[in-house]
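Have a look at the structure below, then the notes.
The values are calculated or read from the model by the stated rules, or taken from the named source; none is laboratory data. Predicted model, so just to flag it, every value in this text is computed and none were measured. Heavy atoms of the whole protein, side chains included, go into the accessibility calculation; ligands, DNA and RNA do not. Shrake-Rupley method; radii C 1.70, N 1.55, O 1.52, S 1.80 Å.
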Amino acid sequence: MNQRRVFITSLTALTLSPWQSASATPSDAMQAMKAIVGNRPVNTGRIYFELPPLVENGNLVAIKFSVQSPMTQNDYVKAIHIIAEANPLPNVVSCYFTPLSGKAEASTRIRLADSQKVWALAQMSDGSFWRTSVDTVVTLSACTEMI
(Lines give C-alpha, C1' and ligand atoms only; values in the text may rest on other atoms or scores of the structure.)
Protein backbone atom coordinates (compact mmCIF):
# COMPACT_ATOMS: atom_id res chain seq x y z
CA MET A 1 0.00 0.00 0.00
CA ASN A 2 1.47 3.38 -0.90
CA GLN A 3 2.02 6.19 1.61
CA ARG A 4 -0.74 8.37 0.21
CA ARG A 5 -3.34 5.64 0.62
CA VAL A 6 -2.16 4.94 4.22
CA PHE A 7 -2.42 8.64 5.00
CA ILE A 8 -5.95 8.94 3.59
CA THR A 9 -7.07 5.78 5.41
CA SER A 10 -5.65 7.10 8.69
CA LEU A 11 -7.24 10.50 8.18
CA THR A 12 -10.62 8.92 7.47
CA ALA A 13 -10.40 6.77 10.60
CA LEU A 14 -9.53 9.83 12.64
CA THR A 15 -12.44 11.90 11.32
CA LEU A 16 -14.92 9.07 11.89
CA SER A 17 -13.85 8.45 15.49
CA PRO A 18 -16.06 10.04 18.18
CA TRP A 19 -14.80 13.25 19.76
CA GLN A 20 -14.73 13.28 23.53
CA SER A 21 -13.66 15.83 26.07
CA ALA A 22 -11.32 14.52 28.71
CA SER A 23 -12.27 15.46 32.22
CA ALA A 24 -11.74 14.16 35.69
CA THR A 25 -14.52 12.86 37.90
CA PRO A 26 -15.23 13.61 41.55
CA SER A 27 -13.52 10.32 42.42
CA ASP A 28 -10.41 11.46 40.48
CA ALA A 29 -10.41 14.63 42.59
CA MET A 30 -10.69 12.57 45.77
CA GLN A 31 -7.77 10.41 44.59
CA ALA A 32 -5.72 13.57 43.94
CA MET A 33 -6.46 14.71 47.50
CA LYS A 34 -5.62 11.26 48.88
CA ALA A 35 -2.25 11.40 47.06
CA ILE A 36 -1.49 14.60 48.98
CA VAL A 37 -3.01 13.62 52.34
CA GLY A 38 -2.29 9.91 52.49
CA ASN A 39 -4.18 8.25 55.36
CA ARG A 40 -4.25 11.29 57.63
CA PRO A 41 -7.62 12.76 58.63
CA VAL A 42 -8.84 15.94 56.91
CA ASN A 43 -10.66 18.64 58.90
CA THR A 44 -13.26 20.95 57.41
CA GLY A 45 -12.91 24.74 57.61
CA ARG A 46 -10.12 27.20 58.47
CA ILE A 47 -9.63 28.17 54.81
CA TYR A 48 -11.00 31.31 53.18
CA PHE A 49 -11.68 30.42 49.53
CA GLU A 50 -13.20 32.92 47.11
CA LEU A 51 -14.50 31.68 43.77
CA PRO A 52 -17.48 33.21 41.93
CA PRO A 53 -20.63 31.03 42.09
CA LEU A 54 -21.38 31.88 38.44
CA VAL A 55 -18.56 32.11 35.88
CA GLU A 56 -19.29 33.41 32.40
CA ASN A 57 -16.06 32.14 30.86
CA GLY A 58 -14.03 29.21 32.26
CA ASN A 59 -10.81 30.38 30.58
CA LEU A 60 -9.89 32.96 33.25
CA VAL A 61 -11.51 32.41 36.62
CA ALA A 62 -10.21 34.58 39.45
CA ILE A 63 -9.70 32.79 42.76
CA LYS A 64 -8.39 33.94 46.11
CA PHE A 65 -7.52 31.78 49.09
CA SER A 66 -5.92 32.14 52.50
CA VAL A 67 -5.48 30.37 55.82
CA GLN A 68 -5.23 32.18 59.15
CA SER A 69 -1.94 31.22 60.74
CA PRO A 70 0.67 32.95 62.93
CA MET A 71 3.32 31.81 60.38
CA THR A 72 5.93 31.13 63.06
CA GLN A 73 8.64 28.45 62.96
CA ASN A 74 6.38 26.10 64.94
CA ASP A 75 2.99 26.95 63.43
CA TYR A 76 2.65 27.77 59.74
CA VAL A 77 0.90 26.75 56.53
CA LYS A 78 3.13 24.55 54.37
CA ALA A 79 0.94 24.39 51.26
CA ILE A 80 -2.45 25.14 49.78
CA HIS A 81 -3.67 22.95 46.91
CA ILE A 82 -6.60 23.78 44.61
CA ILE A 83 -8.36 20.73 43.16
CA ALA A 84 -11.11 20.91 40.51
CA GLU A 85 -13.41 17.92 40.10
CA ALA A 86 -14.13 18.25 36.36
CA ASN A 87 -10.82 19.48 34.93
CA PRO A 88 -8.68 17.10 32.83
CA LEU A 89 -6.05 17.24 35.60
CA PRO A 90 -7.71 17.76 38.99
CA ASN A 91 -4.73 19.33 40.80
CA VAL A 92 -4.99 22.85 39.36
CA VAL A 93 -2.46 24.74 41.48
CA SER A 94 -0.30 24.25 44.56
CA CYS A 95 1.23 27.13 46.53
CA TYR A 96 3.97 26.49 49.06
CA PHE A 97 4.73 28.68 52.08
CA THR A 98 7.35 29.05 54.81
CA PRO A 99 7.31 31.11 58.02
CA LEU A 100 9.14 33.80 56.01
CA SER A 101 6.07 34.15 53.77
CA GLY A 102 4.40 36.23 56.48
CA LYS A 103 0.89 35.29 55.34
CA ALA A 104 -0.58 32.18 53.76
CA GLU A 105 -2.60 33.76 51.01
CA ALA A 106 -2.59 33.93 47.23
CA SER A 107 -4.74 34.90 44.30
CA THR A 108 -4.53 33.75 40.71
CA ARG A 109 -6.60 32.86 37.69
CA ILE A 110 -7.39 29.29 36.74
CA ARG A 111 -9.19 27.49 33.94
CA LEU A 112 -12.32 25.48 34.66
CA ALA A 113 -13.54 22.84 32.24
CA ASP A 114 -17.17 22.83 33.39
CA SER A 115 -19.55 23.57 36.25
CA GLN A 116 -18.08 21.80 39.25
CA LYS A 117 -16.97 21.71 42.86
CA VAL A 118 -13.52 23.18 43.47
CA TRP A 119 -11.63 22.23 46.64
CA ALA A 120 -9.00 24.11 48.63
CA LEU A 121 -6.76 21.82 50.73
CA ALA A 122 -4.33 23.29 53.28
CA GLN A 123 -1.38 21.38 54.73
CA MET A 124 -0.17 22.69 58.09
CA SER A 125 3.30 22.39 59.64
CA ASP A 126 1.94 20.13 62.41
CA GLY A 127 0.88 17.57 59.78
CA SER A 128 -2.83 18.38 59.90
CA PHE A 129 -4.93 19.02 56.79
CA TRP A 130 -7.91 21.32 56.33
CA ARG A 131 -10.26 21.66 53.38
CA THR A 132 -13.20 23.60 52.06
CA SER A 133 -15.02 23.69 48.75
CA VAL A 134 -17.01 26.01 46.50
CA ASP A 135 -19.54 25.04 43.84
CA THR A 136 -19.47 27.09 40.67
CA VAL A 137 -21.47 27.16 37.44
CA VAL A 138 -19.46 27.75 34.25
CA THR A 139 -21.46 28.93 31.22
CA LEU A 140 -18.57 28.76 28.67
CA SER A 141 -16.21 25.88 29.44
CA ALA A 142 -12.43 25.79 29.10
CA CYS A 143 -9.82 22.98 29.35
CA THR A 144 -11.52 20.77 26.81
CA GLU A 145 -9.38 18.29 24.94
CA MET A 146 -10.43 16.43 21.85
CA ILE A 147 -9.32 12.82 21.67
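Note that the stretch 32-41 has calculated 3J(HN,Hα) couplings of 5, 5, 5, 5, 7, 7, x, 9, 6, x Hz, one per residue in order, obtained from phi through the Karplus relation 6.51 cos²θ - 1.76 cosθ + 1.60 (θ = phi - 60°); glycine and proline are x. Near the amide H of Ala79, within less than 5 Å, lie the amide hydrogens of Phe97, Gln123, all on another chain or at least 5 residues away, with H placed in the peptide plane.
Probing with 1.4 Å while keeping every protein chain in the model, the per residue accessible area of the stretch 39-147 equals 54 Å². The 3J(HN,Hα) values that the Karplus relation (6.51, -1.76, 1.60; θ = phi - 60°) gives for the stretch 104-120 are, in residue order, 9, 8, 7, 9, 7, 10, 10, 9, 10, 6, 6, 4, 5, 9, 10, 9, 10 Hz. Gly and Pro appear as x.
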